[in-house]
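Every read-out reported here was derived from the displayed coordinates using simple, explicitly stated rules and does not represent laboratory data. Quantities reported herein were computed from a predicted structural model and do not represent experimental measurements. Reconstructed Cβ throughout: ideal geometry from the backbone, glycine too, with neighbour counts over all protein chains shown.
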Amino acid sequence: MPPARGGGLLGPSAEALLIPLGALAGAMVLFGVFMALIGQNPLEVYRLIWRGAFASGFAWQNTLSRAAPLILTALCVALPAQAGLMVIASEGALVLGGLAAAILGHSMGGMNPLVVKLAMALGGMAIGGLWVALVGALRQYRGVNETISSLLFIYIAVALFNHMVEGPLRDPASLNKPSTHPIGEANMLGALPGFDVHWGLAFGIVFCVIVYVLVKHTTWGFALRVVGGNPRAAQLAGLPVSRLVVTACFLGGAASGLAGMVEVGAVHGTANASLIAGYGYTGILVAFIARQNPIAIIPVSVLLGGIAASGGMLQRRLDLPDATVLVLQGMAFLTILAAETLFGRLKAFRSNE
Amino acid sequence: MSSDVRNASRRTALKALGAAGLAGALGPAASLVSLAQAKKLVVGVIYVGPRDDYGYNQAQAQAAAALKKMPGISVVEQEKVPETQDVQKVMASMIEQDGAALLFPTSFGYFDPHMLKMAEKYPNVRFAHCGGLWTEGKHPKNTGSYFGYIDECQYINGIAAGSVSKSKKIGFIAAKPIPQVLRNINAFTLGAKSVDPKISCHLIFTGDWALPVKEAEATNSLVDQGVDVVTCHVDSPKVVVETAERRGIYVCGYHANQSALAPKGYLTGAEWNWLTPYTLLTKDAQEGKPFKNFIRGGLKEGYVKMSPYGKAVPEAARKKADATLAEMKKGTYTVFKGPLKDNTGKVVIPAGTAYLQTEPVLEQMNYLVEGVVGSV
């Protein structure tokens, strides 16, 4: 029977899509009002945002390049979150993963590039993973609050990274920009075939899908979510809570470590302070907007990448300051988060059962 | 009922967005093309920080602002671009979307690999980088580097600082121990010691280019140690200058003119004058002349300049500083000459050797001269 008892025409999956999109539309309207208030033509602003982020192949490449590192660093937050942990250590795992990759890439120079790249990826993931696993272990075995410790771990990681790059591992030829020895052109990852976006995008999407399957469709994932729901109950049910938590942290850290490896392998060719670009922090934002859902991380990252890409257009064409896109970003996230309260309350989306 | 109202407003909102999207998609691509069609030379300038930072970026932005007034030039600018693949995309966007034919990526870290990669991809665009060590044969022909010998100004800063210091302790807040920075610290110290050889320069490294909190802490800590004049080499000297003013000590500026931030304590400052290389390179591009790949200059060539003296600088000090300044403008003055010892007692420049500013050895400086309290 069609809409009975006030049931809507649209199902719950439409709800999951339309509510955030509606919120985004609301943010755009708000941003338009803001632009009008400071004397800009909102339609021109919309047009430039569209052109800068999505209107052409070039714009898409710009957007996706910016999204790529965020996908991986967001996973570093979303994975431990399945087990109920609020871990924000992405940035630290990224820089240490990148450092490990740079060391391996340089010291294995001359070997088969494929082997080197694989070693760099595995090395970066292992180091990043161990770093965040340590945060999980501290919480499970020592009762240290994981949010605080993961934040402090970022400072330690960055200090360690800077010390190594500017001290023992510095390439003496890198005069005014201290860096490690370059990994060499042969060991670089390059771009996706026919598309000017590096391999990090593919790695990120594959990683998201694997994590999604792992979390939603395996017994391990089910156990993890039970821990996230109620750790006491999970313990009573005989689940290895600590092991689950530490493993989830390890996998999250591995994602960020891989992001660091991609930065070294596809962008910089060496490890230096440019790796500390805040991708880890933006990843936290992405994970929260995606409500810790591994698949939702992808579109949210693309959205953020698009906002960043169009920000350049607004600066160059309208002479607006860089902070303009931060206003748009802030509005978008506020409306998206505020719209969460609408879930289950709109008639149109109510199922009939 | 209320939920219907909500739905209705949502629909309206969606409609509004749809309309906006449509306008965007169908709207004329006019403004994109117009930039290129007007046969103007489009110049792109990229900054690593905000354009109004009272420092490194502002110095570049001042030159960009002056370029805008030149006939046949249109300037596109983008600020706060990190030294990651972002800057590659920004360069590509300026070229593909704005039609830029000459780019000024101004941050040191933009050079390798970002600018070199883009230069290979866009061989017809000129890339002029600030401070990079462009090498013939190693780097593409459409790339180049401009820079100034600002250590000359830091030497003059040092003379001013040495003249007013009562405690004979002056201070330097620096980002990183890299050659460009060490050269400034040494020049500042040598300038002060030319007034009084007993003066010592107390050095603090903050570790990065823009760490306002650490810069304030460092300034306060230097004042607490008895230092009564400071200068710095960080991206934005704003915090150092303001903190020094608040603590009642003297300060010498860097990058741009910060006298407005410290009306009482500002002695003078080492400023970039990027308009000189910007004009040179832009005119060449406009007239189709070959790209000058490596240009350098100091006070003589007008690449750097001094801020006007503040009230606190006594007449005698002005005379001494002006005399040195005049020699530097003639190009006959050497800042680094032997015998010169580093602060561990090792001779770094033997007696009888004097390095001209163009000397490449100076761009690899890795020591602190005698009189600097601190270590690399």
**Message:** Could you tell me the calculated FRET efficiency between residue B:363 and residue A:243, based on Cβ-Cβ distance and R0 = 41 angstrom, to the nearest 0.05?
**Reply:** 0.15
**Item:** Fewest-first ranking of B:328, A:261, using other Cβ atoms within 10 Å as the exposure measure
**Value:** B:328, A:261
**Asked** Residues in the range A:181-208 near a label at residue A:171, defined as backbone nitrogen under 17 Å from the 7 Å Cα→Cβ point?
**Response** A:181-190
**Asked** Whose amide H sits under 5 Å from the amide H of residue B:53, counting only residues 5 or more places off or on another chain, with H placed in the peptide plane?
**Response** B:58
**Asked** Quick one: length gained pulling residue A:236 to residue A:186 fully straight, 0.36 nm per residue minus the C-alpha distance?
**Response** 12.7 nm
**Prompt:** Rounded to the nearest 500 deg cm²/dmol, what is the calculated helix-only ellipticity per residue at 222 nm for the protein assembly as shown, with -39500 (n - 2.57) per DSSP H run of length n ≥ 4?
**Reply:** -17500 deg cm²/dmol
**Prompt:** Given just the C-alpha atoms of the protein assembly as shown, how large is their convex hull per residue in cubic angstrom?
**Reply:** 191 Å³
**Asked** Plugging the Kirkwood radius over Cα pairs into Stokes-Einstein for the range A:99-239, at a temperature of 20 °C and a viscosity of 1.002 mPa s, what D comes out in µm²/s?
**Response** 117 µm²/s
**Message:** Going through the cross-link list B:169/B:264; B:40/B:329; B:176/B:319; B:121/B:214; B:176/B:337, which pairs have a Cα-Cα distance over 30 Å in this structure?
**Reply:** B:40/B:329; B:176/B:319; B:121/B:214
**Charged-residue dipole, Cβ positions (Lys, Arg, Asp, Glu), the protein assembly as shown about Cα centre, Debye nearest 20** = 780 debye
**Prompt:** GNM, chain A, Cα, under 10 Å: largest mean-square fluctuation among A:79, A:214, A:175?
**Reply:** A:175
**Message:** Report the rotationally averaged projected area of the range A:9-82 based on its alpha-carbon convex hull, in square nanometres.
**Reply:** 7.6 nm²
**Request:** Specify the inter-centroid distance of the range A:4-79 and the range B:189-251, based on alpha-carbon positions, in whole Å.
**Result:** 46 Å
**Request:** Sticking with the crude label model, points 7 Å out along Cα→Cβ, report the distance from residue A:210 to residue B:138 in nm, one decimal please.
**Result:** 3.9 nm
**Request:** For residue A:222 and residue A:281, calculate 0.36 nm times their separation in residues minus their Cα-Cα distance, and state this gained length in nm to one decimal.
**Result:** 18.4 nm
**Fill in**
As straight-line cross-link partners of residue A:117, the qualifying aspartates and glutamates (C-alpha separation under 15 Å, not fewer than 8 residues apart within one chain) are A:185, A:263
**Fill in**
Exposure-ranked with fewest Cβ neighbours within 10 Å first, A:199, A:131, B:272 stand as A:199, B:272, A:131
**Message:** Can you tell me what percent of all Cα-Cα pairs in the range B:31-189 are more than 25 Å apart?
**Reply:** 39 percent
**Asked** So what does log10 I(q)/I(0) come out to for chain A at q = 0.10, 0.15 Å⁻¹, using the Debye formula with one equal point on every Cα and no solvent?
**Response** -0.68, -1.28
**Request:** Mind pulling up the Rg/Rh value for the range A:178-274? Radius of gyration and Kirkwood radius, both on Cα.
**Result:** 1.16
**Asked** When the Kirkwood radius is taken over all Cα pairs of the range B:90-155, what Stokes-Einstein diffusion coefficient follows at 4 °C and 1.567 mPa s, in µm²/s?
**Response** 104 µm²/s
**Request:** Report the charge-dipole magnitude of the range A:1-123 in Debye, nearest 20, computed about the Cα centre from +1 at each Lys and Arg Cβ and -1 at each Asp and Glu Cβ.
**Result:** 160 debye
**Prompt:** Roughly what % of Cα-Cα distances in the range A:251-305 sit above 18 Å, to the whole percent?
**Reply:** 37 percent
**Complete:** Label model pair residue B:168, residue B:224: point-to-point distance (7 angstrom along the Cα→beta-carbon line) in nm is 2.5 nm
**Prompt:** How far is helix B:179-195 tilted, in degrees, relative to the longest principal axis of the Cα atoms in chain B, given as a value from 0 to 90 rounded to the nearest 10?
**Reply:** 40 degrees
**Item:** Zero-based 20 Å bins, Cα pair distances in chain B, whole percents
**Value:** 27, 49, 18, 5, 0
**Complete:** Lys and Arg at +1, Asp and Glu at -1: neighbours of residue A:270 with Cβ under 11 Å from its Cβ sum to -1
**Item:** Translational diffusion of the range A:127-170, µm² s⁻¹ [Kirkwood Rh, Cα pairs; Stokes-Einstein; 10 °C; 1.306 mPa s]
**Value:** 142 µm²/s
**Prompt:** Mind checking the dipole of the range A:62-319: about its Cα centre, +1 per Lys or Arg Cβ, -1 per Asp or Glu Cβ, Debye to the nearest 20?
**Reply:** 620 debye
**Asked** Over the C-alpha atoms of the range B:157-203, what are the Rg and the largest Cα-to-Cα span, Dmax, in Å?
**Response** 10.2, 30
**Asked** Ratio of the range A:45-146's C-alpha Rg to 2.2 N^0.38 Å, to two decimals?
**Response** 1.43
**the range A:236-338: C-alpha gyration tensor shape, a/c 1.5 cut-off, then a/b vs b/c** = oblate
**Item:** Ranking of B:355, B:333, A:279 by count of other Cβ atoms within 10 Å, fewest first
**Value:** B:355, B:333, A:279
**Prompt:** R0 = 51 Å: FRET efficiency of residue A:56 with residue B:347, Cβ-based, nearest 0.05?
**Reply:** 0.25
